[in-house]
Amino acid sequence: MIRVMIVDDQRILLEGLLHLFEKTGKIEVVKILQLSEVAEVAAQVLQPDIILMDICMEGRSGIEVTRRIKKALPRQKIIIMTGFADVHFVDMAREAGADSFIYKESSAADFVDTMERTLKGEHLFPNVK
């Protein structure tokens, strides 16, 4: 079972991912957060296997929070997610130390595959160049 914390300021996405992941039988969502400011503390306390981090949020950006978490917890696996097809986001995610990157339009199977492969040490980023 993969223990996941989801950080996104859109409630509908959080609820949708929670519902999709519960149906897979492979994912346990240990926490959903709408406030990026508490993600670092939650990561330290909960120690999820994976953090799904939205890139664009009110308050601290997912890039900033990823950078902070990776500094405090270098082994923490973080997958940046976005609904925007901005090629700069991929580079920003890499520079912040994200382990992988996925678009929100991806299927539940793609999310699970990305999480499983990231946990095995792969770094999955779209080819945008």
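Quick one: how many residues across the stretch 73-92 are open to solvent by less than 60 Å² (accessible area, probe 1.4 Å), outside any strand (DSSP E or B) and modelled with pLDDT under 95?
Our first condition is that a residue be open to solvent by less than 60 Å² (accessible area, probe 1.4 Å); within the stretch 73-92, this holds for 73, 76-83, 86, 89-91.
In the following step, the residues that additionally are outside any strand (DSSP E or B) were identified as 73, 76, 83, 86, 89-91.
Keeping just the survivors that are modelled with pLDDT under 95 gives 83, 86, 89-91.
Residues that pass the stated criteria total 5.
Of the numbered conditions (1) in contact (Cβ under 8 Å) with a residue 60 or more places away in the chain; (2) open to solvent by less than 30 Å² (accessible area, probe 1.4 Å), LYS104 fails exactly one; give the number of that condition.
Condition not satisfied by LYS104: (2).
Might you check whether a residue that is modelled with pLDDT under 95, part of a helix (DSSP H, G or I) and hydroxyl-bearing (Ser, Thr, Tyr) occurs anywhere in the stretch 33-40?
Yes: one or more hits.
On the given criteria, is ASP99 among the acidic types (Asp, Glu), at pLDDT 95 or above and under 16 Å from VAL7 (Cα atoms)?
yes
Would you pick out the residues in the stretch 29-40 that are open to solvent by 60 Å² or more (accessible area, probe 1.4 Å) and not charged (D, E, K, R)? If you could, list the steps in order and put the result at the bottom.
At the first step, the residues of the stretch 29-40 found to be open to solvent by 60 Å² or more (accessible area, probe 1.4 Å) are 31, 34-35, 37-38.
GLN34, LEU35, VAL38 - these are the residues of the stretch 29-40 that are open to solvent by 60 Å² or more (accessible area, probe 1.4 Å) and not charged (D, E, K, R).
Mind checking which residues of the stretch 1-28 are surrounded by fewer than 19 Cβ atoms within 10 Å (Cβ to Cβ), farther than 14 Å from ILE78 by Cβ and in contact (Cβ under 8 Å) with a residue 24 or more places away in the chain?
The answer is MET1, ASP9, GLN10, LEU13, LEU20, LYS23, THR24, LYS26, GLU28.
How many residues does the stretch 41-64 hold that are assigned to a helix (DSSP H, G or I) and either within 25 Å of ALA109 (Cα to Cα) or open to solvent by less than 40 Å² (accessible area, probe 1.4 Å) (or both)?
5
Taking interchain pairs and intrachain pairs at least six residues apart, which have beta carbon atoms under 6 angstrom, with the first residue in the stretch 41-63 and more than 20 Å from LEU124 (Cβ to Cβ) and the second basic (Lys, Arg)?
Filtered contacts from the stretch 41-63: ALA42/LYS31; LEU46/LYS31.
Does GLU122 meet the test of being open to solvent by 40 Å² or more (accessible area, probe 1.4 Å) and under 21 Å from SER36 (Cβ atoms)?
Criteria not met by GLU122.
The values are calculated or read from the model by the stated rules, or taken from the named source; none is laboratory data. Just so we're clear, the structure is a prediction, and the values are computed from it rather than from any experiment. Note: ideal-geometry Cβ built from the backbone for every residue, glycine included; neighbour counts use all protein chains shown. Quick note on the areas: whole protein, heavy atoms, side chains included, nothing else; ligands and nucleic acids left out. Shrake-Rupley method; radii C 1.70, N 1.55, O 1.52, S 1.80 Å.
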